[in-house]
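Colleague: Encoded as structure tokens, here's the structure I'll be asking about.
We did not get these values from a lab; they are worked out from the coordinates using the rules stated. A quick note: this is a predicted structure, and the numbers were derived from the prediction, not measured. In this analysis, Cβ positions are derived from the backbone assuming ideal geometry, glycine residues included, and neighbour counts consider all displayed protein chains.
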Amino acid sequence: QLLSIVMATSQQGKESEDNCIRLSVMNPANLKTTGVFSPVKIISNFLWKMKVEEKSNSLSVFLHCEQGQESNVWFCETSLEYSLVNQDDPMKSIKQTSDYRYGSHVKFSGWGFSSFLEMSTILDEYEGFIKEDSIVVEIRVIVKSKSGDRFRKKPESTSLPHLK
């Protein structure tokens with residue numbers, strides 16, 4: 001397999017105590033062929049996943065908030081910190097921040113940076129971002145406010161006794 005991923009911060013689909021999605025991407029030179037998604041992570045009752053890909057010789061990083069089926073009207077106001085971890089010196093990690101409002105009012109569920117850092121810099125082992133043919137990308141999610149009934153528990157279905 002040319003491309004593999006590892007999610008290190010939580011079990012897939014379980015509520016997480018931390019607000020960081022961490023993705024290790026093996027063989028990042030092959031991102032041009034296919035992008036990768038992280039497993040889904042639950043933060044503040046919302047379902048999140050990261051997408052990492054190469055676009056125009058740059059690393060692209062996006063955070064997606066999965067839209068649930070429970071409600072058509074919802075929003076989630078966030079502060080986001082995207083990081084490409086420098087594996088030699090974490091103080092040299094590249095970080096970008098953004099505020100974004102996810103919700104039913106937007107056409108696409110992903111938000112991020114289409115040109116986070118040039119791939120030539122990332123693939124240069126002297127820069128410290130790649131180790132053992134792997135890079136690490138993180139996104140910290142802070143939910144500032146949210147609204148909508150998409151997370152209310154649906155009532156259990158009641159079955160009527162069958163009439164004979």
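Colleague: Got a sec to turn the phi values of region 32-38 into Karplus ³J(HN,Hα) couplings, 6.51 cos²θ - 1.76 cosθ + 1.60 with θ = phi - 60°, whole Hz, x for Gly and Pro?
Modeller: For region 32-38, the Karplus-derived couplings read 5, 6, 7, x, 10, 10, 6 Hz, x marking Gly and Pro.
Colleague: Now a separate question. What spacing in nm lies between the two simple spin-label points modelled at residue 145 and residue 98, each 7 Å away from Cα in the Cβ direction?
Modeller: 2.1 nm
Colleague: Another question, then. Could you size up the charge dipole of region 27-105 around its Cα centre, putting +1 on the beta carbon of Lys and Arg and -1 on that of Asp and Glu, and report it in debye to the nearest 20? Present the calculation step by step, with values, prior to reporting the outcome.
Modeller: Working: 8 positive and 9 negative charges, 33 e Å.
It works out to roughly 160 debye.
Colleague: Let me ask you something else. Limiting things to C-alpha atoms, what are the Rg and the maximum Cα-Cα separation (Dmax) for region 20-82, in angstroms?
Modeller: 13.6, 40
Colleague: Quick one: in region 19-123, what % of C-alpha pairs are over 21 Å apart?
Modeller: Result for the distance tail: 37 percent.
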